[in-house]
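Let me begin by presenting the structure, written as structure tokens, before commenting on it.
The values are calculated or read from the model by the stated rules, or taken from the named source; none is laboratory data. A quick note: this is a predicted structure, and the numbers were derived from the prediction, not measured. With ideal geometry, Cβ positions are generated from the backbone for all residues, glycine too; neighbour counts draw on all protein chains shown.
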Amino acid sequence: MFRRIFIANRGEVAVRVARAARALGISPVAAVSSADQGAPWTDAFDEVVCVGGAAPGQSYLRADAIVQAARQTGCAAVHPGWGFLAENPRFAALCEQHGLTFIGPSPSVMERMALKWPAKRAMREAGLAGIPGSEGLLTDADDAARVANDIGYPVLLKADAGGGGRGMRLCHDEAEVRQGFTDASAESLAAFGNGDMYLESYMTGGRHIEVQLLGDAYGNAIHLFERECSIQRKHQKLIEESPSPALDDAQRKALGEAAARAAQHVGYAGAGTIEILMRPNDGTLCFMEMNTRLQVEHPITEAVTGIDIVQQQLHIAANAPLAIAQDQVALNGHSIECRLNAEDPSNDFQPSPGVVERFDIATDVGPGTIRVDTHIRQGDEISPYYDSLIAKVIAHADTREAVIETMLACLRATTIEGVATTVPLHLAVLDSPEFRSGDYDTRSIPGWQPAGANS
């Protein structure tokens, strides 16, 4: 196992990785920007290195500065967390070139999975069907219009290198396809340095389901069951649960086994996630993409399986074979995660930076248990430079009904002052008939309908 690792991220995920490292006797070192220097959350680390200015492009996205800092502090490996450089194959390769272990898949596998069309092809070879659409990348707007007219509207134009909703356009006719191709390609080129596009049939009312995977360098791969991620705004997840109420046991088993085979097929080593869309008309499960990193919502999988995914990442990166066989992974109860963002959901989710004057998340509630993953303390300032996530609340109980009541009790007793948060939204969703029944999909945010909330 590593003696010391460098965590190339900030805030909640950096603290989460540091906690897992310490549990394994590993010393955590952190990169920080000038805006984060001296922040209370940095107390979680044995050493902290400022790698640049407040803006991410001056610090957390500076691969050269991060590699240099990791080497100078005597670290053997780099954990990228999520976001920033987490899915950048060039950063992973740079780490390896300088004798650092990148805690994640190999640069070649990451590169293959980072581009959506090669990933779709690889998954199809492994037996996971994709969403109907273009057979490869689109050459131009004329090609996009031809494919869209063939498969029927509506369609979704997607950037091959895209993410977070950028480089994506929903189109209802040929005129929108032609304009959308030009606009989305330009947006993707500016954001990701790659303007390649492909096209898929757009399915309204589908379910967004993802399968958590672990693979090692010896060809072993297992799944840790699935998570339901259908409640979103602007392609960003808000609430996740595990297991998905949309799957029965037979579907769950078949999907998990297919996803594990797919991970083996591409030689995946590390923690990763395969994202699936369940078609509303016939329940067909279609591959969307693979995330080659730790997911924000990983704690709900940890809650229902008892497996620490970050510790498993560290073991795998240290070249250990998987210590868990598939038949040792079992579901225990139900878990829900609510992402508490410093945003105003009643005002189209506008960011709400400022000072957190009071921060009290209730944990002593029943009938289940509450876990809080956060880097925030009372008196902290929410920076406008970074993601608005301030905490994740994870509830676990024996049944879905019990875990909903546990989360509602927690959030009703929670007080956060000084910044607007998504707590009111979560309370409305959790108590809605649609969520309680498990009969919801990606079309709307159940129980929450203010202007702009579903745009």
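Taking segment 177-226 as the search range and keeping residues that are hydroxyl-bearing (S, T, Y) and in a loop (DSSP other than H, G, I, E, B), which one is nearest to V147 (Cα to Cα)?
Y202
Given the residues V17, V29, V78, V67, which is the only one that is in contact with a Cys (Cβ under 7 Å, 6 or more places away or on another chain) and under 16 Å from A318 (Cα atoms)?
V78
Report whether or not A271 is closer than 26 Å to A77 by Cα and touching a helix residue (DSSP H, G or I) at 6+ places or on another chain (Cβ under 6 Å).
Judged against the criteria, A271 is a match.
Hey, which of the helices (runs of 4 or more DSSP H) in segment 398-448, taking only ones fully inside, have at least 2 residues that are at pLDDT 95 or above and touching an Asp or Glu at 6+ places or on another chain (Cβ under 8 Å)?
Answer list for segment 398-448: 400-412.
Among the numbered criteria (1) assigned to a strand (DSSP E or B); (2) of a type in the set (A, V, I, L, M, F, W, C); (3) in contact with a helix residue (DSSP H, G or I) (Cβ under 6 Å, 6 or more places away or on another chain), which one does A20 miss?
In the conditions (1) assigned to a strand (DSSP E or B); (2) of a type in the set (A, V, I, L, M, F, W, C); (3) in contact with a helix residue (DSSP H, G or I) (Cβ under 6 Å, 6 or more places away or on another chain), A20 misses (1) alone.
Out of R71, R19, I need the residue that is surrounded by fewer than 20 Cβ atoms within 10 Å (Cβ to Cβ), outside the structural domain of A191 (by TED's automatic domain parsing) and within 23 Å of the chain's Cα centre (by Cα). Which one?
The conditions single out R19.
Give, as residue ranges, the helices (runs of 4 or more DSSP H) completely inside segment 64-151 that count at least 1 residues that are within 20 Å of V29 (Cα to Cα).
Per the criteria, 89-97.
Condition test on S33, is it in contact with a Ser or Thr (Cβ under 7 Å, 6 or more places away or on another chain), in contact (Cβ under 8 Å) with a residue 24 or more places away in the chain and of a type in the set (S, T, Y)?
So S33 fits the description; yes.
Any chance segment 115-138 includes a residue that's over 30 Å from Q326 (Cα atoms), free of Cβ contacts under 8 Å to residues at least 40 places away in the same chain and of a type in the set (K, R)?
Within segment 115-138 (the criterion being over 30 Å from Q326 (Cα atoms), free of Cβ contacts under 8 Å to residues at least 40 places away in the same chain and of a type in the set (K, R)), the answer is no, since none of the residues qualifies.
Any residue at all in segment 144-158 that is of a type outside the set (D, E, K, R) and touching a residue at least 60 places away in the same chain (Cβ under 8 Å)?
No.
Could you please find all residues in segment 227-275 being assigned to a loop (DSSP other than H, G, I, E, B) and either in contact (Cβ under 8 Å) with a residue 40 or more places away in the chain or in contact with a strand residue (DSSP E or B) (Cβ under 8 Å, 6 or more places away or on another chain) (or both)?
K234, H235, P243, S244, P245, A246, L247, V266, G267, Y268, A269
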